[in-house]
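Single-structure report; data block below.
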Amino acid sequence: MSKDTNQLLECYKIASRIRSVEETIAREYPSGEMRCPVHLSIGQELVSAVVGLNQLKQDTAVSSHRAHAHYLAKGGNLHRMIAEIYGKVTGCCKGRGGSMHLIDLEVGFLGSSAIVGNSIPIGVGSGLTHKLNNSDALSFIFLGDGAIEEGSFYESVNFSVVQELPTVYICENNLYSVYTGLNQRQPAERNIYEMVSGIGIKAVKIETLDVLDCLNKTTEMINFARRTKKPVFIEYNTYRWLEHCGPNDDDHLGYRPQGELSKWKRKDPISNFGNILMLDFGISGSEIQEIHTKIEIEVLAAFDQAKKDNFPTLEQSQMDVYAK
Ligand SMILES: Cc1ncc(C[n+]2csc(CCOP(=O)(O)OP(=O)(O)O)c2C)c(N)n1
Ligand SMILES: [Mg+2]
């Protein structure tokens with residue numbers, strides 16, 4: 001198998017694993033055992049997969065409320081994430097943070113937080129650290145289109161540009177901030193990446209519907225950042241399938257134009273990706289099936305373990321979350 005095919009398969013596995021984890025969360029959530037809000041990114045997985053494929057262990061990453069995919073693609077521990085969502089002491093935040101507060105310092109996932117825009121400057125600080133240490137590492141900053149409307153974003157990009165920091169801004173433009181469409185929040189003629197490029201950062205927009213193009217352009221941008229140690233901004237055109245917060249469909253609420261959700265679902269990047277692998281890269285249906293079976297076994301084991309784990313004792317619940 002060629003290096004390219006191997007890389008594509010790896011990317012497909014990352015995306016499919018994220019989908020499986022989040023579908024399992026959605027299925028299990030109604031039982032009421034996960035006592036925290038969950039923001040699922042079903043439909044958006046390809047972004048994390050193409051970025052994750054280009055991340056090195058030494059790189060760092062920060063994220064916000066919709067962070068499961070970013071944490072997993074960076075190599076964050078699956079069982080510790082699920083245990084965190086179940087509030088268990090084995091969770092990555094010792095069960096105190098829930099879904100929106102994920103951290104795995106062993107793989108450079110510095111943390112996620114519920115306050116829109118507040119992890120962006122932390123990612124900039126991490127980029128500054130990489131620069132001061134003369135390291136080759138990059139600092140990845142995951143944000144949504146809504147976070148572009150926070151002041152901290154402009155200060156951060158400006159500082160990254162002026163100081164030439166190795167920061168990679170990954171903006172998942174899923175067209176909505178909760179129930180408010182981008183077209184109600186920003187002028188119709190504006191393109192986010194064009195506006196951001198006005199701050200002086202190299203910026204592009206990438207479509208997630210064209211899987212191969214999405215991977216190639218992402219690799220090109222991240223390689224540029226690694227080679228030059230300069231900041232880059234990537235806007236992805238993507239789409240959230242489920243409600244803003246929770247495991248349900250919300251198309252009946254009427255904030256999405258009729259037919260928009262079904263159009264995106266028909267173009268599901270993951271099944272599209274599977275078809276490309278089979279039709280253009282000679283991967284058999286049974287190989288694809290095997291990938292999914294292995295993922296399912298791993299995911300179910302993580303859920304089983306997390307459910308069996310203990311809640312923190314009073315003493316444990318007061319421990320420093322960073323304590324080993
Ligand atoms: C400072 C701040 N303002 C408002 C909120 C409420 N809030 C939570 S998520 C969210 C939407 C953010 O949209 P976006 O950045 O596009 O991310 P998405 O939910 O689409 O992934 C908002 C407004 C918040 N958590 N923090
Ligand atoms: Mg959004």
For segment 160-182, the count of residues that are of a type outside the set (S, T, N, Q), within 30 Å of Asn134 (Cβ to Cβ) and either more than 16 Å from the chain's Cα centre (by Cα) or within 16 Å of ligand 2 (Cβ to nearest atom) (or both) equals 8
Could you please give the count of residues in segment 164-184 that are part of a helix (DSSP H, G or I) and surrounded by 15 or more Cβ atoms within 10 Å (Cβ to Cβ)? 1
Pick out the one residue from Phe303, Phe311 that is surrounded by 15 or more Cβ atoms within 10 Å (Cβ to Cβ) and either closer than 18 Å to Ser99 by Cα or hydrophobic (A, V, I, L, M, F, W, C) (or both). Phe303
Please specify each residue of segment 111-121 satisfying the condition of being crowded, with 22+ Cβ neighbours inside 10 Å and either more than 17 Å from Leu143 (Cα to Cα) or among the hydrophobic types (A, V, I, L, M, F, W, C) (or both). Ile120
Residue identified as in contact with a Gly (Cβ under 7 Å, 6 or more places away or on another chain) and in a helix (DSSP H, G or I) among Val157, Val161: Val161
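Going through Leu165, Leu175, Leu143 one at a time, which residue ends up being near ligand 1 (Cβ under 10 Å from one of its atoms) and within 20 Å of Asn54 (Cα to Cα)?
Only one candidate qualifies: Leu143.
Here is a yes/no grid of residues against (1) within 16 Å of ligand 2 (Cβ to nearest atom); (2) among the basic types (Lys, Arg); (3) within 15 Å of Ala302 (Cα to Cα):
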position: Ser41; (1), (2), (3): yes, no, no
position: His79; (1), (2), (3): no, no, yes
position: Lys94; (1), (2), (3): no, yes, no
position: Ser119; (1), (2), (3): yes, no, no
Gly108 passes all but one of (1) within 12 Å of ligand 1 (Cβ to nearest atom); (2) buried (at least 21 other Cβ atoms within 10 Å of the Cβ); which number fails? (1)
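We did not get these values from a lab; they are worked out from the coordinates using the rules stated. No experiment lies behind these values; they were computed from the predicted model shown. Heads up, the Cβs are rebuilt from the backbone with ideal geometry, glycines too, and the neighbour counts pull from every protein chain shown.
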